[in-house]
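Q: Supplied in structure tokens, the structure appears directly below.
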Amino acid sequence: MPPLRTIGLWAALAAASALISYGLMRAQFPAALLLGPMIAAIAFGVGGSRLRVPRSAFQASQAAIGCLVAHAVTGQIAQTLLADGPLIVAVVLVTVAVSGLVGWILTRLRVLPGTTAAWGSSPGGASAMVAMAEDFGADPRLVAFMQYVRVAAVVFSASLAARFLMETPVPGASAGVGEVTGPLSLLATLAVAVVGAGAALALRVPAGAQVGPMVLGSLLHATGLVRMALPVPILELAYACIGIYVGLRFTRETLRLTVTALPGILAATFSVITLCAAWGWGLTLLLPIDLLTAVLATSPGGLDSVAIIAVGSKADVSFVLAVQTLRLFVVLLTGPLLAKWISRSVPETAIR
């Protein structure tokens with residue numbers, strides 16, 4: 001693609017993102033700076049723009065979100081999470097079980113071809129699911145599309161839930177840790193982002209670019225050794241980058257390939273979201289948490305998007321992220337095993 005055309009497309013995407021984000025902010029939606037760019041990017045991706053966010057830019061954005069989450073962690077919150085550990089594990093296991101049940105039903109009913117539903121309905125671990133799907137008779141392109149439809153649907157539904165479950169808007173919530181701070185705090189935060197992401201990626205930690213800074217920053221911030229701080233423009237850029245990255249995964253080619261399977265994909269996606277939301281409501285009867293926190297905690301991924309929405313609302317950020325982080329690791333450990341089991345347990349006549 002000619003450089004001038006590429007520059008023009010990026011400029012048009014930036015303008016569309018800003019316009020949609022402004023409208024969402026006027027409507028008092030949390031995470032408007034994530035949602036707006038994602039909506040615009042979906043239109044550009046399906047329109048055949050062929051734009052791509054560099055992997056390094058996406059990882060840098062994840063690191064910034066990790067530092068944003070770390071800012072919200074305190075020693076008192078850590079004690080609360082330890083006290084509620086068994087229920088957090090139960091929340092994660094129920095989310096994984098619900099997703100597995102939906103995948104099993106859709107595979108048995110042949111709503112999607114082959115064993116696609118078994119791999120595509122996993123609540124996270126998209127890259128791992130796509131990488132292994134083809135070996136078990138599933139179309140990896142359809143699995144990838146199903147995974148990103150899930151991410152987009154979770155962002156939309158979680159944003160709607162946050163918008164209508166918040167009693168009052170949170171001023172400046174999109175910034176999160178953007179208060180005025182000294183240069184030492186900023187340099188320390190950037191060091192946490194670089195060291196945490198680098199170490200986690202080197203150790204092949206799932207979603208390491210975000211989990212590394214989040215864990216390291218949480219420990220340092222909760223103990224008072226480092227004050228986490230990032231300027232508002234950096235956080236806003238990170239929000240937009242993640243939204244555009246997800247949105248551009250929807251291309252004309254994948255849409256053409258999946259048009260006949262789209263009803264099944266949407267049915268699977270919203271079934272998982274609805275069942276997880278119902279479990280979230282039940283969670284409010286067992287723990288002293290509000291409905292918004294419960295809904296965000298039980299939503300089936302993704303980690304970075306839910307983190308942004310949680311920070312932009314009145315949800316208990318640390319509880320939400322504790323559940324979501326544990327869910328990611330559990331899915332990566334059990335997701336392939338569950339998908340293989342579904343593939344083998346369904347009769348051959350049901351997956352042809």
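The values are calculated or read from the model by the stated rules, or taken from the named source; none is laboratory data. Keep in mind that what you see is a predicted model, and the values were worked out from it rather than measured. Note: ideal-geometry Cβ built from the backbone for every residue, glycine included; neighbour counts use all protein chains shown. Surface areas here come from the heavy atoms of the whole protein model, side chains and all, with no ligands, DNA or RNA. Shrake-Rupley method; radii C 1.70, N 1.55, O 1.52, S 1.80 Å.
Q: With 23, 85, 100, 66 as the choices, which residue is closer than 22 Å to residue 123 by Cβ, small (Gly, Ala, Ser) and free of Cβ contacts under 8 Å to residues at least 60 places away in the same chain?
A: Being closer than 22 Å to residue 123 by Cβ, small (Gly, Ala, Ser) and free of Cβ contacts under 8 Å to residues at least 60 places away in the same chain holds for just one of 23, 85, 100, 66, which is 85.
Q: Here's something else I'd like to know. Quick one: which of 38, 25 is surrounded by 24 or more Cβ atoms within 10 Å (Cβ to Cβ), closer than 23 Å to residue 161 by Cβ and among the aliphatic types (A, V, I, L, M)?
A: On the way: 25 fails: surrounded by 24 or more Cβ atoms within 10 Å (Cβ to Cβ).
After ruling out the rest, the residue left standing is 38.
Q: Now, a different point. For segment 197-229: of the residues being touching a residue at least 24 places away in the same chain (Cβ under 8 Å) and within 12 Å of residue 60 (Cβ to Cβ), which is surrounded by the fewest Cβ atoms within 10 Å (Cβ to Cβ)?
A: Restricting to residues being touching a residue at least 24 places away in the same chain (Cβ under 8 Å) and within 12 Å of residue 60 (Cβ to Cβ), the top hit is 201.
Q: Step by step: first the residues of segment 46-58, then only those that are out of contact with any helix residue (DSSP H, G or I) (no Cβ under 6 Å at 6 or more places or on another chain) and assigned to a helix (DSSP H, G or I), then the one that is modelled with the highest pLDDT. Which residue is that?
A: Among those residues, the one meeting the criterion is 56.
Q: If you take the residues of segment 313-350 that are over 21 Å from residue 283 (Cβ atoms) and open to solvent by less than 30 Å² (accessible area, probe 1.4 Å), which of them is modelled with the lowest pLDDT?
A: Among those that are over 21 Å from residue 283 (Cβ atoms) and open to solvent by less than 30 Å² (accessible area, probe 1.4 Å), it is 350.
Q: Tell me which residues, restricted to segment 287-299, are outside any loop (DSSP other than H, G, I, E, B) and without any contact (Cβ under 8 Å) to a residue 40 or more places away in the chain. Even if it seems obvious, please write down each step before you answer.
A: Here is the first cut: in segment 287-299, the residues outside any loop (DSSP other than H, G, I, E, B) are 291-298.
The answer is 293, 294.
Q: When you scan segment 300-311, do you find a residue that is touching a helix residue (DSSP H, G or I) at 6+ places or on another chain (Cβ under 6 Å), open to solvent by 10 Å² or more (accessible area, probe 1.4 Å), outside any helix (DSSP H, G or I) and not basic (Lys, Arg), even just one?
A: Yes, that holds for at least one residue.
Q: Out of (1) open to solvent by 30 Å² or more (accessible area, probe 1.4 Å); (2) in a helix (DSSP H, G or I); (3) at pLDDT 75 or above, the odd one out for residue 69 is which?
A: (1) is the only condition that residue 69 fails.
Q: Please go through segment 83-119 and give me each residue that is more than 26 Å from residue 283 (Cβ to Cβ), assigned to a helix (DSSP H, G or I) and open to solvent by less than 20 Å² (accessible area, probe 1.4 Å), ordered by number.
A: 107, 116, 117, 118, 119
Q: Kindly provide the set of residues from segment 286-299 that are surrounded by fewer than 23 Cβ atoms within 10 Å (Cβ to Cβ) and touching a helix residue (DSSP H, G or I) at 6+ places or on another chain (Cβ under 7 Å), ordered by number.
A: Scanning segment 286-299 gives 286, 287, 289, 291.
Q: Tell me, which helices (runs of 4 or more DSSP H) wholly within segment 173-286 include 2 or more residues that are at pLDDT below 85 and over 28 Å from residue 98 (Cα atoms)?
A: 183-202, 208-222, 252-258
Q: Right, another one. Tally up the residues in segment 239-261 that are among the β-branched types (Val, Ile, Thr) and without any contact (Cβ under 8 Å) to a residue 12 or more places away in the chain, please. Write out each step before concluding.
A: Here is the first cut: in segment 239-261, the residues among the β-branched types (Val, Ile, Thr) are 242, 244, 246, 251, 254, 258-260.
In the following step, the residues that additionally are without any contact (Cβ under 8 Å) to a residue 12 or more places away in the chain were identified as 259-260.
Qualifying residue count for the region: 2.
Q: While we're on this one: Test residue 61 against the stated conditions and say whether it is modelled with pLDDT under 70, in a helix (DSSP H, G or I), closer than 22 Å to residue 299 by Cβ and among the hydroxyl-bearing types (Ser, Thr, Tyr). Give the steps one after another, and end with the answer.
A: Working: modelled with pLDDT under 70: no; in a helix (DSSP H, G or I): yes; closer than 22 Å to residue 299 by Cβ: yes; among the hydroxyl-bearing types (Ser, Thr, Tyr): yes.
Taking the combined requirement at face value, the residue does not satisfy it.
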